[in-house]
1. Yes or no: A:Glu160 over 14 Å from the mean Cα position of the chain (by Cα), away from chain B (no Cβ under 12 Å) and open to solvent by 10 Å² or more (accessible area, probe 1.4 Å)?
2. Could you grab me the full set of residues in region A:137-148 that are open to solvent by less than 10 Å² (accessible area, probe 1.4 Å) and at the interface with chain B (Cβ under 10 Å from one of its Cβ atoms)?
3. Could you tell me how many of the residues in region A:8-31 are open to solvent by 10 Å² or more (accessible area, probe 1.4 Å) and either of a type in the set (S, T, N, Q) or in contact (Cβ under 8 Å) with a residue 60 or more places away in the chain (or both)?
4. From the list A:Ala146, A:Ala155, exactly one residue is at pLDDT 95 or above, farther than 15 Å from A:Leu19 by Cα, touching a Gly at 6+ places or on another chain (Cβ under 9 Å) and among the aliphatic types (A, V, I, L, M). Which is it?
5. How about region B:95-104: which of its residues are within 14 Å of chain A (Cβ to nearest Cβ) and open to solvent by 10 Å² or more (accessible area, probe 1.4 Å)?
6. Looking for something open to solvent by less than 10 Å² (accessible area, probe 1.4 Å) and among the hydroxyl-bearing types (Ser, Thr, Tyr) - is there at least one such residue anywhere in region A:202-212?
7. For region A:188-197, give me each residue that is facing chain B (nearest Cβ under 9 Å) and of a type in the set (A, V, I, L, M).
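The values are calculated or read from the model by the stated rules, or taken from the named source; none is laboratory data. Because the structure is predicted, anything quoted here is derived from the model rather than measured. Glycine also receives a Cβ, built like all others from the backbone with ideal geometry; neighbour counts cover every protein chain displayed. Ligands, DNA and RNA are excluded from the accessible area calculation, which covers all protein heavy atoms including side chains. Shrake-Rupley method; radii C 1.70, N 1.55, O 1.52, S 1.80 Å.
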2 protein chains.
Amino acid sequence: MNVTIIGAGNMGRGIGHRLAAGGHDVTVVDRDPEEAERLAEELRGAAQGGASIEAAGPGAELRGEVVILAVYYPGDVEIASDLGDRLAGKVVVDISNPLNQTFDGLATAPGTSAAEEVAATAPAGTRVVKAFNTTFSGTLVEGQVAGQPLDVLIAGDDEEAKETVAQLVRDGGLRAIDVGPLERARQLEGLGFLGITLQQPLGLNFQSAWKLIS
Amino acid sequence: MNVTIIGAGNMGRGIGHRLAAGGHDVTVVDRDPEEAERLAEELRGAAQGGASIEAAGPGAELRGEVVILAVYYPGDVEIASDLGDRLAGKVVVDISNPLNQTFDGLATAPGTSAAEEVAATAPAGTRVVKAFNTTFSGTLVEGQVAGQPLDVLIAGDDEEAKETVAQLVRDGGLRAIDVGPLERARQLEGLGFLGITLQQPLGLNFQSAWKLIS
């Protein structure tokens with residue numbers, strides 16, 4: 001599959017590693033071309049199954065059928081606005097945790113979510129999926145915590161789009177869990193927030209993961 | 001420790017098993033005296049360390065320093081109102097998941113939680129703690145899922161009260177995780193809701209658990 005990752009930061013890196021390991025073709029897009037190329041070079045070293053990894057600037061054509069917004073809120077909403085019609089028809093993955101400035105609450109209004117804001121901003125026909133917001137970058141690079149594959153919780157209103165993301169997740173060696181409609185992003189963003197707040201008090205250093213065991 | 005469980009249903013049963021296993025004295029209170037006695041009898045069979053287990057009617061004195069509201073929302077808020085000053089000074093544990101009638105959303109207003117409603121309703125000096133809302137009754141009876149002890153996520157504004165609940169959790173063989181102020185109940189209730197919605201689609205039969213692994 002062709003996947004475009006917008007944002008060559010920590011989360012772009014983590015998700016990029018899973019995609020490269022899964023044999024998918026990745027284009028890394030960043031405002032800073034050097035950052036994009038640096039990450040692309042790293043991912044080439046992790047690529048399996050002949051995956052091609054490229055870097056591109058923000059003006060480049062979006063070749064991927066899947067576009068991952070690996071940026072901080074509200075940058076994800078801003079990018080959805082900036083890209084506009086270029087996103088139509090694509091599967092757009094929002095990974096953000098919209099924390100407020102003091103990191104003790106959510107910046108979004110009660111009763112909505114960053115993912116729903118992205119969906120409201122993107123053009124009609126954009127299929128927004130929430131995923132990867134409860135998994136930390138370092139654990140994505142490794143693909144596991146304490147020997148257990150990460151659970152990636154996925155919400156969205158388009159079943160086919162969710163299955164596309166779930167396939168990418170599974171190809172990267174992780175477990176995909178469909179948690180329902182995009183509205184569930186409210187709970188996913190709550191869970192992501194909860195996980196972040198626990199890092200310092202529990203000394204977890206962003207090496208933890210939420211698992212649904214049974 | 002003296003603990004009063006209000007509600008002899010599934011969750012009262014699950015939590016009662018952990019308390020009895022931890023050697024704590026439990027009073028089971030229910031509107032239906034037969035239900036209270038039935039559960040008390042079951043818990044006597046599980047009691048360790050000389051724990052005494054009693055049944056009582058709703059008018060009985062609240063002997064416990066800890067009162068667990070093992071009832072459905074908004075019953076928890078109603079009981080907090082009904083008991084009024086009898087709760088003052090006590091550690092009151094809200095375990096509810098305030099699902100709406102169609103089980104596809106939360107019945108609470110955005111930007112609050114059932115636990116915060118209980119705290120706003122109870123008299124001044126009541127120390128409300130959110131706990132046990134992300135653990136299912138059957139898994140509490142067993143104390144584990146897939147050989148791993150349950151994580152019990154605890155939120156509250158009174159540190160001593162939270163530690164009291166954490167001690168009960170640990171004594172019952174479970175792992176206590178302090179997730180911060182009572183406001184975090186919003187995220188815990190979101191997580192509880194998420195867990196409930198996944199039972200049918202994933203065929204989990206309420207035998208699953210959320211774990212924070214590291």
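1. Yes, satisfied.
2. A:Thr139, A:Val145
3. 11
4. A:Ala155
5. B:Asn97, B:Leu99, B:Asn100, B:Thr102, B:Phe103, B:Asp104
6. Yes, region A:202-212 has at least one match.
7. Listed by number, the residues that qualify are A:Leu188, A:Leu191, A:Leu194.
Each row is one residue, and each column tells you yes or no for (1) within 12 Å of chain B (Cβ to nearest Cβ); (2) of a type in the set (A, V, I, L, M, F, W, C); (3) at positive phi.
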| residue | (1), (2), (3) |
| --- | --- |
| A:Leu150 | yes, yes, no |
| A:Gly172 | no, no, no |
| A:Ile177 | yes, yes, no |
| A:Leu182 | no, yes, no |
| A:Arg186 | yes, no, no |
| A:Gln199 | yes, no, no |
| A:Ala209 | yes, yes, no |
| A:Ser214 | yes, no, no |
